[in-house]
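The values are calculated or read from the model by the stated rules, or taken from the named source; none is laboratory data. None of the values given here were measured: they were computed from a predicted structure. Glycine also receives a Cβ, built like all others from the backbone with ideal geometry; neighbour counts cover every protein chain displayed. In case anyone asks, the SASA skips ligands and DNA or RNA and just uses the protein heavy atoms, side chains included. Shrake-Rupley method; radii C 1.70, N 1.55, O 1.52, S 1.80 Å.
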Amino acid sequence: MEFLISQNLFSKALSDVSKAVSSRTLLPILSGIKIVAEEDGITLIGSNSDIIIERTISVTNEKVKIRKTGSMVVSAKHLTELVKKLPEQIQVKADNNQIHIQAGTISTKLNGIDAEEYPSLPVIVGNSIQIPAEELKDAVKTTGFATAKSETRPVLTGVNLTFAENSFTSVATDSQRLAFKKSDIQSSGEGSFVVPKSSIDELAKLVNHYTGMVEIQSAEGFIHFKTDKISLYSRLIAGHYPNTSALIPNEVKTVLVLCKETLMKGIDRACLFAGEWKNNNVVLSINEQKLSISSGSSEMGNIEELQEIKAIEGESDLKISVDGHFLLDALKTINDAEIKVEFSGSMKPIVIKSLKEESTYLHLISPVRSY
């Protein structure tokens, strides 16, 4: 194996795939990055067995030149840190389980492992589904935060991605709150997958600046996300995801239209006084046609503020206690200046929606006891 490559390009590609590598792996070879040089380009692969990231660099890029094909596995930590510190043009050669890296007058050698020992990629099965990267990123941002932190119910630690004809739904819940986003997409593919939150977060980083289409396929207990340059394979969480639509109240007693930024600042202030409570209790109520936000602590004292209600429908007799941090998490993911908050009773979940009719996100937060 021998190739020439620019330092910036090589360093960025190594950084991308090294995110999937763990130094604590039980398989020593998985602490390395697999480098494959072929006539049409270079492929880098990193894996911790739960996540696999594959990055390709085509020879059509003028900063890459393949002189000899071949492959080798090299320590991810040492290679990534070394390349970061090298000057612009890099020559890479591999033989006898060693990789030689030359940059200007700097010459280094790293021990490697035969690439034949590296686990093979999961086999792709079935048809692919195409989704715009922007839709995927928005769905991940709007729902991923609501996954469960506890492993008591493993299926709730992931995000449920469901594809039906021309539609895509992303759902996450920890049984106390729910985040839901539905998008219209041009696709005939179908499938439902529960993807670990760690994989969803990594995917969002990898496609953060990408604006094209993402191809999605299933692969032997994995899901495969692919762009023109990078692929991420994630192990799926086994189990049946609950029917979350049953959690949404059918009857709505009060609907408020509120300024999102003003509400966030009020909730944030109230959370300062809510830390004594297990659930960071913040009380919402209507006081003289204004929204009252209050919380209290025997150690700090208490706080109450009144905020303008842009519009109100239904009953004005309202008082409910919710987890302030849950409410902030939901509000942070919403881009709208004004939001609609629906109340169905003091012990029924509150529902946060957009004012826009075409919007398809929804956040649900269950009440908590205030005593």
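Table for the structure above
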| read-out | value |
| --- | --- |
| Qualifying position, being part of a loop (DSSP other than H, G, I, E, B) and more than 19 Å from residue 7 (Cβ to Cβ), among 119, 87 | 119 |
| Some residue of the range 169-176 being charged (D, E, K, R) and surrounded by 15 or more Cβ atoms within 10 Å (Cβ to Cβ) | yes |
| Selected residue (criterion: farthest from residue 368 (Cα to Cα)) from residues of the range 258-283 that are open to solvent by 10 Å² or more (accessible area, probe 1.4 Å) and of a type in the set (A, V, I, L, M, F, W, C) | 259 |
| Exclusive hit being on the phi > 0 side of the Ramachandran plot and of a type in the set (S, T, N, Q), set 49, 31, 58, 71 | 49 |
| Every residue from the range 89-116 that is surrounded by 12 or more Cβ atoms within 10 Å (Cβ to Cβ) and closer than 30 Å to residue 236 by Cβ | 113, 115 |
| Of residues in the range 214-237 being part of a loop (DSSP other than H, G, I, E, B) and either of a type in the set (S, T, N, Q) or in contact (Cβ under 8 Å) with a residue 40 or more places away in the chain (or both), the one surrounded by the fewest Cβ atoms within 10 Å (Cβ to Cβ) | 221 |
| Residue that is closer than 23 Å to residue 111 by Cβ and either open to solvent by 50 Å² or more (accessible area, probe 1.4 Å) or in contact (Cβ under 8 Å) with a residue 24 or more places away in the chain (or both), where the choices are 51, 57, 29 | 29 |
| Of all residues in the range 8-26 being surrounded by 19 or more Cβ atoms within 10 Å (Cβ to Cβ) and β-branched (Val, Ile, Thr), the one that is nearest to residue 204 (Cα to Cα) | 17 |
| Yes/no for residue 200 being β-branched (Val, Ile, Thr), over 24 Å from residue 317 (Cβ atoms) and either open to solvent by less than 40 Å² (accessible area, probe 1.4 Å) or in contact with a helix residue (DSSP H, G or I) (Cβ under 9 Å, 6 or more places away or on another chain) (or both) | yes |
| Residue match in the range 249-265 (condition: in contact with a Pro (Cβ under 7 Å, 6 or more places away or on another chain) and either assigned to a loop (DSSP other than H, G, I, E, B) or not aromatic (Phe, Trp, Tyr) (or both)) | yes |
| Extreme residue, farthest from residue 100 (Cα to Cα), among residues of the range 1-27 that are touching a helix residue (DSSP H, G or I) at 6+ places or on another chain (Cβ under 8 Å) and of a type in the set (S, T, N, Q) | 25 |
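For (1) in contact with a strand residue (DSSP E or B) (Cβ under 6 Å, 6 or more places away or on another chain); (2) free of Cβ contacts under 8 Å to residues at least 40 places away in the same chain; (3) in a strand (DSSP E or B); (4) under 22 Å from residue 146 (Cα atoms), each residue gets a yes or a no:
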| position | (1), (2), (3), (4) |
| --- | --- |
| 270 | yes, no, no, yes |
| 279 | yes, no, no, yes |
| 283 | yes, no, yes, yes |
| 286 | no, yes, yes, no |
| 291 | yes, yes, yes, no |
| 296 | yes, yes, yes, no |
| 304 | yes, yes, yes, no |
| 330 | yes, no, no, yes |
| 345 | no, no, no, no |
